[in-house]
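Worksheet: the structure to be examined is printed underneath.
The values are calculated or read from the model by the stated rules, or taken from the named source; none is laboratory data. Model, not experiment: these values are computed from the prediction. Here the Cβ positions follow ideal geometry from the backbone for every residue, glycine too, while neighbour counts run over all protein chains shown. In case anyone asks, the SASA skips ligands and DNA or RNA and just uses the protein heavy atoms, side chains included. Shrake-Rupley method; radii C 1.70, N 1.55, O 1.52, S 1.80 Å.
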Amino acid sequence: MNKINKIALLLLSVGTISNAQATNIGISMTSFDNPFLNILINGMKSADQSNDDITLQFEDANSDIGRQLNQVQSFIASGVDAIIVNAVDGDSTMAITQMTNEAGIPLVYVNHPPIDINQLPDTASFVGSNELDSGTLQTEEVCRLLNGKGNALVIIGPLENHAALTRTKDVEKVLSRPECSGIKILDKQVANWSRTQAYDLMTNWITSGIEFNTVIANNDEMAIGAIQAIEASSLNIDNIVVAGIDATADGLAAMRSGELSITVFQNATKQGQVAVQTAYKMVHGDPVDRNLWVPFELVTKQNLSQYSSK
């Protein structure tokens, strides 16, 4: 074998070893069919692209708890170096935590906190935003815009979802304050993060003749569904304060057009990046915090320009 061929073979073998040693991270997402979670996924991919030593493997749980558990089991069996889980249901996370801990595989929950968040072992961590802030920021601004008086309709995410439950409690707590107690919640119903379901729900409310001047939705998608139903009716959207959460691209577009009054920026890109970086650190024995919080930020028409490119 001549010298050139030996060098080529050596370079090929080095490349093979490097690829074999790349940190392989398995990721189970609640759903690929969700605008906010796609931002989260893109954040993870951007962290991957900035580090050649990381390989990401994404799986879609299709909002199915059993499917997600099977995906985690498959990741463990295939010998991944770390696992990231965007939990379908926080109540199912104890089984996931136990499986990965017994296997000695680092686990990072992202965005949707696990039910065992305060009892996570050293092999697990959570990256997300504190939901006590999201609905609070949202509803405080609703209260300000309405001068503490009005009739509210609340659109809720999935009842098994921690964010939906906490955001709804935030709404109720703010509206119980003396300065906001003049705003009455006329009804609250579930629309499962869905624009279509929120549209149908809002249409039913309007058809029933209910009189309201604010819609407080747990996310932008449901807020947009409500807006579309209002605009399809004889009501004037300019007379109604509609609030969402997440500051998605569609949510910001609805705010630019004057339809959405309020949203709250949840930095999904940052959450995704930090989740991958945390998993990588755990694999390599670097210390990480048990809970890593990415702050929520109120978005209004006054500061909208700051978020148009995020």
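Calculate, for the chain, the solvent-accessible area per residue in square angstrom, rolling a 1.4 angstrom probe over the heavy atoms of the protein chains. Show your work: numbers first, answer last.
Working: 14240 Å² over 310 residues.
For the chain, the solvent-accessible area averages 46 Å² per residue.
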For the chain, which whole-number percentage of the solvent-accessible area (1.4 Å probe, protein heavy atoms only) is attributable to carbon and sulfur atoms? 49
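For the stretch 105-212, calculate the relative contact order in percent as a whole number, restricting contacts to Cα pairs under 8 Å that are 6 or more residues apart. Numbers along the way, then the final one.
Details: 136 pairs, mean separation 28.2, N = 108.
Reported relative contact order: 26 percent.
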Mean separation of Cα contacts under 8 Å (6+ apart) over length of the chain, as relative contact order %: 19
For the stretch 230-248 and the stretch 51-94, compute the distance between their C-alpha centroids and round to whole Å. 37
Not counting ligands, DNA or RNA, and with a 1.4 Å probe, what is residue 205's accessible surface area in Å² rounded to the nearest 10? 20
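Treating the beta-carbon of each Lys and Arg as +1 and of each Asp and Glu as -1, no other charges, what is the dipole magnitude of the chain about its Cα centre, to the nearest 20 debye? Mind dumping the intermediate values first?
On the way: 19 positive and 34 negative charges, 113 e Å.
Dipole about the Cα centre, nearest 20: 540 debye.
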Hey, what number do you get for the chain at 222 nm if only DSSP H runs of n ≥ 4 count, each worth -39500 (n - 2.57), divided across all residues, to the nearest 500? -14000 deg cm²/dmol
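Ordering 246, 200 from largest to smallest accessible area (1.4 angstrom probe), what's the sequence?
Numbers: 246 15, 200 80 Å².
Order by accessible area, largest first: 200, 246.
Give me the percent of DSSP beta bridges within the chain that run antiparallel, rounded to the nearest 5.
On the way: 3 of 41 bridges.
The antiparallel proportion sits near 5 percent.
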Just to confirm my numbers, what's the Cα centroid distance between the stretch 103-174 and the stretch 270-294 in Å? 20
Taking only Cα atoms, what is the 0 to 90° angle, nearest 10, from helix 162-175's long axis to the longest principal axis of the chain? 30
Would you calculate the separation in nanometres between label points at residue 160 and residue 303, each defined as 7 Å from the Cα along the Cα-to-beta-carbon direction? 3.6
To the nearest 0.05, the calculated FRET efficiency linking residue 78 and residue 38 through their beta-carbon distance, R0 being 30 Å, is 0.75
Those residues of the stretch 194-235 whose amide nitrogen sits under 12 Å from the label point placed on residue 149, 7 Å along Cα→Cβ: none
If I model a spin label as a point 7 Å beyond the Cα along the Cα-Cβ vector, how far apart are those points for residue 286 and residue 55 in nm? 2.1
Unit charges on C-beta of K, R, D, E only; dipole of the stretch 152-230, Debye: 160
Taking only Cα atoms, what is the 0 to 90° angle, nearest 10, from helix 220-231's long axis to the longest principal axis of the chain? 30
Accessible-area ranking of 32, 212, 126, 58, largest first, probe 1.4 Å: 32, 58, 212, 126
Taking Cα atoms only, helix 3-20 is inclined relative to the longest principal axis of the chain by an angle, in degrees rounded to 10, of 40
Which number gives the lysine pairs in the chain that have C-alpha atoms under 24 Å apart and are eight or more places apart or on different chains? 16
Which shape class applies to the stretch 115-211: rounded if a/c is under 1.5, otherwise prolate when a/b exceeds b/c and oblate if not, where a ≥ b ≥ c are the square roots of the Cα gyration tensor eigenvalues? oblate
Using just the C-alpha positions of the chain as equal point scatterers, what log10 of I(q)/I(0) does the Debye formula give at each q in 0.11, 0.12 1/Å? -0.69, -0.80
Ranked by how many other beta carbons lie within 10 Å on average, peptides 33-44, 294-305, 259-270, 131-142 from highest: 259-270, 131-142, 33-44, 294-305
